[in-house]
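Accompanying notes for the structure given below.
Nothing in this text is a laboratory measurement; each read-out follows from the coordinates by a stated rule. Everything quoted here is computed from the prediction, not taken from an experiment. When we count neighbours, we look across all protein chains shown, and the Cβ atoms used for this are built from the backbone with ideal geometry, even at glycine.
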Amino acid sequence: MAGGKRLRPILVIATYEIFGKNINKCIPYAVAIEMVHNFSLIHDDLPGIDNDDFRHGKPTNHKKFNEATAILAGDGLLNQAYIVISEDLIKSESEELKNKLKVFNEFSTAVDRMIAGEYLDTELEGQQISHQMLQYIHENKTGELLKLSIRMGAILADASENDIERLSKFADKIGLAFQIKDDILSEEGNPDITGKPVGNDKEHNKCTYVSVFGIEGAKKELEKITNEAVEILEYYGDKAEFLKQLAIYIKDRNK
C-alpha cells in the first residue's frame, strides 16, 4: 500500500495477454515479482546501501521502524515470493508444469542477478567505470526483473521461442530506458513528485548514465532506446499497443 507504479506485474499480465486469455494463470507470478521488487527497494534504502530516508514521499522502512525490521521485512518478502509460486506449481496440471518450472528457474536466476548487480553498484561506488560496466550493472540491477516480467508472461502463455526472444530484446531496451530515466530524475526531478530526494547519486559519487553521458547525452540515449523498443513491437501490431505505450510512459514519466 506504499505507492509505486506496479510496472513489473503489469508487464507480466500485458505480455501474457498478447498470447493468452485467462490472466488468472499469471497472477501468482505477477504478485511474486512485485514482492521481490519491494524486497529490493527496502534493502536498497538501507544505510549500508543507498541510505535513503524517503520513498514515494513516505519514510523508508528502516526510518519508520528500524534497520533490523527493514532487513527482515525484505527477507520475508523474498521468501514469500517463492511460496506464492510454489503453491501455484503444486496445483498445476501436468501440461502446464513444464512452462511453470521454466519460469521458476528464470525467476530464481533473475533475482540472483539483480542482487549481483546491486553488489557491483555499491562496490564500484565512487570509481570511474566504463560504459560497458555501467550497462552490465544496470542490466542486472534494474533490467533483469523487467526482462523476467516479460519472459514470464510469454512463457506462461506458451509463446514460441522466437516470440520469447523477440520480447526479451524489447525488455532489454525498456530495462535500460528505465534506468536512464531514473538517473535523469535523480539529477533534475521534482522531489515533491518523485517522493525521494534529488541529487543523491551525485552526493554519493555514483556512476550513472548522467555522469557518463551528461544530462543531454542521457536524454538522447533514452530517446534512441525507446524508439528501438517500440520498433521491435511493430511485429505484433495492435496486440502490443499497450506495451508500446508503456515504453513511451517509461521515457516520459516524472517519478
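Values computed for the structure shown
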| item | result |
| --- | --- |
| Sequence-distant residues sharing a close amide H with Phe54 (under 5 Å, placed H) | Thr60 |
| Segment 1-105: chymotrypsin sites (Phe, Trp or Tyr not before Pro) in DSSP loop, at most 12 other beta carbons within 10 Å | none |
| Computed lengthening from Lys58 to Asp75, 0.36 nm per intervening residue step minus Cα-Cα distance | 4.0 nm |
| The chain shape via C-alpha gyration tensor axes, a/c threshold 1.5 | oblate |
| Proximal charge balance of Glu241 [Cβ under 13 Å; K/R count +1, D/E count -1] | -1 |
| ³J(HN,Hα) computed for each position of segment 10-23 - Karplus, 6.51 cos²θ - 1.76 cosθ + 1.60, integer Hz, glycine/proline x | 4, 5, 4, 5, 5, 5, 4, 5, 5, 10, x, 10, 8, 5 |
| Cα centroid separation, segment 34-63 to segment 219-241 (Å) | 31 Å |
| Gyration tensor (alpha-carbon) shape descriptor, segment 47-181, a/c threshold 1.5 | oblate |
| Rounded to whole Å, sorted largest first: equivalent-ellipsoid semi-axes of segment 111-234, Cα gyration tensor | 27, 17, 13 |
| Filtered GluC sites (Glu not before Pro), segment 32-134: DSSP coil and at most 11 other beta carbons within 10 Å | Glu93 |
| Net charge of neighbours whose Cβ lies under 13 Å from the Cβ of Gly217, counting Lys and Arg as +1 and Asp and Glu as -1 | -2 |
| Whole-Hz couplings from phi, Karplus 6.51/-1.76/1.60, listed for segment 75-86; x for Gly and Pro | 4, x, 5, 4, 5, 4, 4, 5, 5, 4, 5, 5 |
| 15 Å Cα-Cα reach of Lys102 towards aspartates and glutamates, excluding residues that sit fewer than 8 places from it in its own chain | Asp88, Glu93, Asp158, Glu161, Glu165 |
